[in-house]
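Some notes on the structure that comes next.
The values are calculated or read from the model by the stated rules, or taken from the named source; none is laboratory data. Keep in mind that this is a model prediction, so the values were computed, not measured. Note: ideal-geometry Cβ built from the backbone for every residue, glycine included; neighbour counts use all protein chains shown.
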RNA sequence: CGGGGUAUAGCUCAGUCUGGUAGAGCGUUGCGUUUGGGACGCAAAAGUCGGGGGUUCGAAUCCCUCUGCCCCGACCA
């Protein structure tokens, strides 16, 4: 590509509301332009990168035996009512009407459509297993789109759905997809981790997320330094403490804490450590409120809490009015002592093994010290309620956990039979009997990968693409102030040579001054830069600089080819 | 959905408090001088000051209202 024939549109200034590096750099490089909240146009430059990712994803899906197809993005309401998700999906589902007032949604995902396809197309167990995929635009009406294409409303996704008779076949394809994902992210040149994940509302049993490691990531992941254990923090279990609870030594005492509400304030005021305090959260249970007790230095894990039998499948904090009505005290002064007998008290495993602790008094301005379980406060049940923290023992007993930030770019699920049952997707088995199929689903956020890669690989000057994602591998820059035809010819010859060798090259023939040209090539992250100028012309040498290097060096054309081959 | 902010040239923003000729930088166009890390000079084009309503002799500025966008929170594949 000759840059003079391309539309490169870099900018120096960028809106102040672009908060993270990838969003800023994609705007500055001119890869994307915002059309509306969460909606972005991909410029010619941005599209080149997007297509690189898409191509690798497609190649590896095909290699893994998946079959590409394409489903409509607009989907009829009736199909979504069959699975109950017309209501359940909530506000994220963009609902639209046609001229006849028929209702549709813009597809946020395609379980319904593919299962409908499968129930019509698949009749016999002999057709299984089969794995269909597409690469297509999705729309999810996010409450708060942010970070550019990282969390956009419209985005490009690869979604695959496999169909099986039996859990074993599903597990086999799941393993194949897992390996395909490892290949994809390895080929893309990204630092990533596959982590155990919560299956969430979708259900099913087994699930892994593929997380690109980056400080700006919205997810926290826990991984062991002594084994290959890795899990999303939503999922990561804590190990039950091995120590017994010490015997009580202190009497229960009321203390006045007129303004101290938070654990930090209480601990500071009473000169105790946060881990000697109990924090009590009241959440809405199936019947009335439920008390959840944690050690003061620990945080509630909403996903774990939502799974408690006493809760209705979600963990929602009680309102201040509800709390006052049942305890008589305002939030900040709640504790496990003297709670109504009807209220279940569920205690985290680590909170259950401390003695002589500090907790709220269920009276405004009052806390207790010297509080002890059983003697002063009831335990209905002990459970794992908290997030793991840095330094916790790994749940597999090997090593300690560390916490890192990640960007979720892929997610694989064993869905089981939920959708196939709802849509009555059956095939006949070898006995001629109809059987409900099992399903797996496998997603990759193609457009999000572009942002995640930048988040992981950039510096002050701009993007540092992995070679596999770069819009071009090599930039040939011409410095030719005197318009010497020999320089242009040399640059053109080099450009042609590289192209003929299958090396994607961009020729910067815009005639810019060197500073502007170099700044642009660094901003858009081209991995290799070659300068053709008067300096090396007679000697037949070139100036070469890799994107991540700080200095350029003089090399011959053959040396350049050796670097690029 | 709750709270906060913001909307002025293609972009980034002043100007609004205290009403009186629409501004700067960057970018764009033309001419000239330049040419190895985002050059300089001269000239030029470019605005329904988010929309609607009101107050006023006069509104970017004050009041009402609607909308878009951003941030924090809650919520959530």
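Of the residues making up region A:508-543, those that are more than 10 Å from RNA strand B (Cβ to nearest atom) and under 29 Å from residue A:23 (Cβ atoms) number 5. Output the helices (runs of 4 or more DSSP H) that fall wholly within region A:472-565 and possess 1 or more residues being within 41 Å of the chain's Cα centre (by Cα), or say none. It comes to A:485-500, A:514-523, A:557-564. Identify, from the list A:207, A:224, the residue that is within 16 Å of RNA strand B (Cβ to nearest atom), in contact (Cβ under 8 Å) with a residue 12 or more places away in the chain and touching a strand residue (DSSP E or B) at 6+ places or on another chain (Cβ under 9 Å). That would be A:207, the only listed residue that is within 16 Å of RNA strand B (Cβ to nearest atom), in contact (Cβ under 8 Å) with a residue 12 or more places away in the chain and touching a strand residue (DSSP E or B) at 6+ places or on another chain (Cβ under 9 Å).
Being over 19 Å from residue A:238 (Cα atoms), surrounded by fewer than 17 Cβ atoms within 10 Å (Cβ to Cβ) and within 15 Å of RNA strand B (Cβ to nearest atom): is that true of residue A:320 here?
On the way: over 19 Å from residue A:238 (Cα atoms): yes; surrounded by fewer than 17 Cβ atoms within 10 Å (Cβ to Cβ): yes; within 15 Å of RNA strand B (Cβ to nearest atom): yes.
The answer is yes for residue A:320.
Residues in region A:2-32 that are surrounded by fewer than 17 Cβ atoms within 10 Å (Cβ to Cβ), over 22 Å from residue A:515 (Cβ atoms) and more than 9 Å from RNA strand B (Cβ to nearest atom): 1 in all.
If the requirement is being surrounded by fewer than 20 Cβ atoms within 10 Å (Cβ to Cβ) and away from RNA strand B (no atom under 15 Å from the Cβ), which of these qualifies: A:77, A:52? Going through A:77, A:52 in turn, just one is surrounded by fewer than 20 Cβ atoms within 10 Å (Cβ to Cβ) and away from RNA strand B (no atom under 15 Å from the Cβ): A:77.
Of everything in region A:80-95, what is on the phi < 0 side of the Ramachandran plot and either within 16 Å of RNA strand B (Cβ to nearest atom) or within 24 Å of the chain's Cα centre (by Cα) (or both)? Give them in sequence order. Show your work before the answer.
From region A:80-95, those on the phi < 0 side of the Ramachandran plot are A:80-83, A:85-89, A:91-95; that's our starting set.
If the condition is that a residue be on the phi < 0 side of the Ramachandran plot and either within 16 Å of RNA strand B (Cβ to nearest atom) or within 24 Å of the chain's Cα centre (by Cα) (or both), then A:80, A:83, A:85, A:86, A:87, A:88, A:89, A:91, A:92, A:93, A:94, A:95 are the ones that fit.
Elements of the type strands (runs of 3 or more DSSP E) sitting completely within region A:1-115 and holding at least 1 residues that are touching a residue at least 60 places away in the same chain (Cβ under 8 Å): these cover A:32-36, A:39-42.
Does region A:299-317 hold any residues that are more than 13 Å from RNA strand B (Cβ to nearest atom) and either in a strand (DSSP E or B) or crowded, with 22+ Cβ neighbours inside 10 Å (or both), and which are they? Working first, answer last.
Initial filter on region A:299-317 (more than 13 Å from RNA strand B (Cβ to nearest atom)): A:304, A:308-310.
Result: A:304, single match.
Criterion first (closer than 26 Å to residue A:29 by Cβ, modelled with pLDDT of 95 or more and either within 15 Å of RNA strand B (Cβ to nearest atom) or out of contact with any strand residue (DSSP E or B) (no Cβ under 8 Å at 6 or more places or on another chain) (or both)) does residue A:546 satisfy it? Spelling it out, residue A:546 is indeed closer than 26 Å to residue A:29 by Cβ, modelled with pLDDT of 95 or more and either within 15 Å of RNA strand B (Cβ to nearest atom) or out of contact with any strand residue (DSSP E or B) (no Cβ under 8 Å at 6 or more places or on another chain) (or both). Across region A:425-464, the number of residues qualifying as assigned to a strand (DSSP E or B), farther than 24 Å from residue A:13 by Cα and within 14 Å of RNA strand B (Cβ to nearest atom) comes to 6.
Only one entry in A:186, A:173, A:137, A:206 is in the same structural domain as residue A:413 (by TED's automatic domain parsing) and crowded, with 21+ Cβ neighbours inside 10 Å, namely A:173. The residues of region A:136-171 that are under 18 Å from the mean Cα position of the chain (by Cα) and closer than 30 Å to residue A:435 by Cα, listed by number, are A:158, A:159, A:160. Annotation for region A:530-540: at least one member residue is at pLDDT 95 or above, buried (at least 19 other Cβ atoms within 10 Å of the Cβ) and within 30 Å of residue A:54 (Cα to Cα). As for region A:36-43, it holds at least one residue that is more than 16 Å from RNA strand B (Cβ to nearest atom) and touching a helix residue (DSSP H, G or I) at 6+ places or on another chain (Cβ under 9 Å).
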